[in-house]
Amino acid sequence: MANGKKKSKKKIIIIGVIVVLLFTVVGLVAFGGNNEVIVSVQTEDVVKRNITQVVSATGKINPVFQVIITPEVTGEIVELPVEEGDDVKKGQLLLRIKPDIYIAQKNRAEASLKSAEANLNVRQATLDQVESEYKRVQGLYDKGLASDSQLEQAKANYLQNKGQYESQLAIVAQASESLKEAQENLAKTAIYSPINGTVSALNVELSERVLGSGFSQGTNMLTVADLDNMEATVDVDENDVVLISVGDTAEVEIDAFGDEKFLGTVTQIGNSAKVAGLGSQDEVVNFEVKIKILHPSEKIRPGMSCDSDIKTETKNGVLTVPIQSVTARQEKMEEPEEGEKPVTRKNIKPKEVVFIVDGNKAKKIEVKTGISDDTYIEIIEGLTGDEKIISGPYRAISKELQDSTTVTVSKGKEFGVDSKN
């Protein structure tokens, strides 16, 4: 009996504990469901400021003017008076190719021309004689003292010698052109600098044999560059290149010079795309943009890596908010009426919105944006300038905040922007 009472008492205690737990859970759920979600945010005043839109790109430093020297004739280098890094003047000798074979070709061409000219003189004398005879027979024929056959024979002889003379004239002209070609080939054995500049690359040595441009592209012997005129050649994304115009100013940072900035101007925008990773998920389409550096350092060298910030547009006194304050939100889909085509998320275009503080609530406002810099973005429509814009945190702006969400404003920095109450 004692054991039975103990078991009955134990059951009552267990049931009582379970009931208490159930009431506790139900109470927590009931009271917890009524708790209002409060989001802590930072704010900033919507103010007018000057804003400059910037397109950033990376690339290499190159001379504005540079010439890659390749020979037009083949032969051995017999003279090389310059070294890499030497400053040269326009017209200065850079190298000389062995000219012996080209001298011989010129001499043969001169001899051929003299022979052709001598034959031409013989043809000229014969033609003069035959022409004189033809005129004499023509005069006799007019007086009835020569027959038709005699006149025809004299005429045929004259025309035959005239044709031989004209043929010899063509031979002389051909020999003259051959001589000019031989003289030009001989002149091409001496290569002179086409510009004032510096020997930025020297790829050959004395006694090395080089191939003229008649063989493929010829040997790349050396490069002469004007290092006083340098430019940055950068690759700009296809979405940004449309913002750039010739004449836009830019700041160029060269890796080798640390944080030093060089002022530049956009001089050329490529028309042909440079595609990397064609057909893959990593496909990138860029356009080449050239930026002339206005005051280059003497230590800048071709091939150095650089970063550039191209200033494409500046607006003064426009309404701006921090970039992170603007987010894209997609409106809720409405149930289609009977017979209507269902609306999918793909058919709904996200809208740009910001959140402002209205009392202790967040208020969603649709806006139209303009240009932006690294920190702020222009607001064209939607704000008046006397609002408190919610500037952080990013997670709250992009996901948590809804229209009429209760907020509490905290002090602090978010994304480099001082929050203000």
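Where a number appears in this text, it was derived from the coordinates with a stated rule and is not lab data. If you're wondering where the values come from, they're calculated on a predicted model, not measured in any experiment. A quick note on method: Cβ atoms are made from the backbone with ideal geometry, for glycine too, and the neighbour counts reach across all protein chains shown.
Distances between every pair of Cα atoms in segment 233-313, grouped in 5 Å steps from 0 to the bin holding the largest one, split as 3, 15, 24, 22, 16, 12, 6, 2, 0 percent.
When every Cα-Cα distance of segment 99-188 is counted in 10 angstrom steps from zero, the calculated P(r) takes the values 18, 29, 20, 16, 10, 5, 1 percent.
Treat the count of other C-beta atoms within 10 Å as a stand-in for reagent exposure and order Ile397, Ile101 from fewest to most.
Going from sparsest to densest Cβ surroundings: Ile101, Ile397.
Here each label is just a point 7 Å from Cα along the line to Cβ, and for Asn220 and Glu76 those points are 2.7 nm apart.
Backbone phi angles across segment 204-211, fed through the Karplus curve with coefficients 6.51, -1.76 and 1.60 (θ = phi - 60°), yield HN-Hα couplings of 10, 10, 4, 6, 6, 8, 10, 9 Hz in residue order; Gly and Pro are listed as x.
Distant-in-sequence amide contacts of Thr312, defined by a placed amide H-H separation under 5 Å and a gap of 5 or more residues or a different chain, comprise Gln53, Val54, Val55. Cross-linked pairs Lys106/Lys188; Lys60/Lys292; Lys315/Lys388; Lys290/Lys311: Cα-Cα separations exceed 20 Å for Lys315/Lys388. Other residues whose C-beta falls under 13 angstrom from the C-beta of Asn229 contribute a net charge of -2, scoring Lys and Arg +1 and Asp and Glu -1. Site pair Val284 and Ala328 shows an inter-label distance of 2.1 nm when each label is modelled 7 Å from Cα along Cα→Cβ.
For GluC sites (Glu not before Pro), the sites in segment 80-141 that DSSP calls loop and that have at most 13 other Cβ atoms within 10 Å are Glu83, Glu84.
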